Amino acid sequence: MLNSLKSFLKEITLGKQEKLPYQDDDHRLAAAALMFHIIAVDGEVETEELSALNKTLKNAYSLSEEETDNLIKLAKERDDEAVDLYGFTSVLKRQLSEEERVKVIEMMWEMVFADGSVHEFEDNTIWRVAELLGVSSRQRMELKKQVSERHQQ
């Protein structure tokens, strides 16, 4: 009901809006926001990390360059607005299978290793996200090892 009221107020103040390509409950936006969060959590977003984010999103969701850029821009905005990770993880938990949630954790590890080092904040954030998504510690650590090995090659 609250969402209906918000939509109504938005409509009367702003008029009819086009349907945005990524709604707040879109699992792609939630995953992208978590991935953006992980590359920004150490206080510095590096070129390698943004490039890895772009490539990962484009490949995972079969997006065009423009769609990917829009998704990253919106993901950054959502991450800046967020007070916690639950808003993103709850969308993913509701909409994705266990296998797909594990894939999100793998993509987050890809972001961590994009700059060649693992910051303790990154490691801790993935631990918290994995817990919220129901991904076991064993799976999380196996994914970390697999992604690390790929980046060492």
Can you tell me which residue among 109, 127 is surrounded by fewer than 20 Cβ atoms within 10 Å (Cβ to Cβ) and either assigned to a helix (DSSP H, G or I) or of a type in the set (Val, Ile, Thr) (or both)?
127
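Can you tell me which residues in region 31-46 are part of a loop (DSSP other than H, G, I, E, B), in contact with an Asp or Glu (Cβ under 9 Å, 6 or more places away or on another chain) and either free of Cβ contacts under 8 Å to residues at least 24 places away in the same chain or buried (at least 18 other Cβ atoms within 10 Å of the Cβ) (or both)? Outline the logic, then answer.
In the first step, residues of region 31-46 are kept if they are part of a loop (DSSP other than H, G, I, E, B); the result is 41-46.
Restricting the remaining residues to those that are in contact with an Asp or Glu (Cβ under 9 Å, 6 or more places away or on another chain) gives 41-42, 44, 46.
Answer for region 31-46, where residues must be part of a loop (DSSP other than H, G, I, E, B), in contact with an Asp or Glu (Cβ under 9 Å, 6 or more places away or on another chain) and either free of Cβ contacts under 8 Å to residues at least 24 places away in the same chain or buried (at least 18 other Cβ atoms within 10 Å of the Cβ) (or both): 41, 42, 44.
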What do you reckon, is residue 51 of a type in the set (Ser, Thr, Tyr) and within 15 Å of the chain's Cα centre (by Cα)?
yes
Would you pick out the residues in region 47-71 that are closer than 14 Å to residue 33 by Cα, surrounded by fewer than 20 Cβ atoms within 10 Å (Cβ to Cβ) and of a type in the set (A, V, I, L, M)?
50
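Would you confirm whether any residue within region 112-119 is assigned to a helix (DSSP H, G or I), touching a helix residue (DSSP H, G or I) at 6+ places or on another chain (Cβ under 8 Å) and either more than 18 Å from residue 142 (Cβ to Cβ) or of a type in the set (Asp, Glu) (or both)? Break it down into steps so the answer makes sense when it comes.
Let us first name the residues in region 112-119 that are assigned to a helix (DSSP H, G or I), namely 112-113.
Then keep just the ones that are touching a helix residue (DSSP H, G or I) at 6+ places or on another chain (Cβ under 8 Å); that gives 112-113.
From what is left, the residues that are either more than 18 Å from residue 142 (Cβ to Cβ) or of a type in the set (Asp, Glu) (or both) are none.
No, there is no match, as no residue in region 112-119 is assigned to a helix (DSSP H, G or I), touching a helix residue (DSSP H, G or I) at 6+ places or on another chain (Cβ under 8 Å) and either more than 18 Å from residue 142 (Cβ to Cβ) or of a type in the set (Asp, Glu) (or both).
Quick note: the coordinates plus some simple rules give every number you see, no bench work behind them. This one's a predicted model, so the numbers in the text were calculated from it and none came from an experiment. Here the Cβ is made from the backbone with ideal geometry for all residues, glycine too, and neighbour counts use every protein chain on show.
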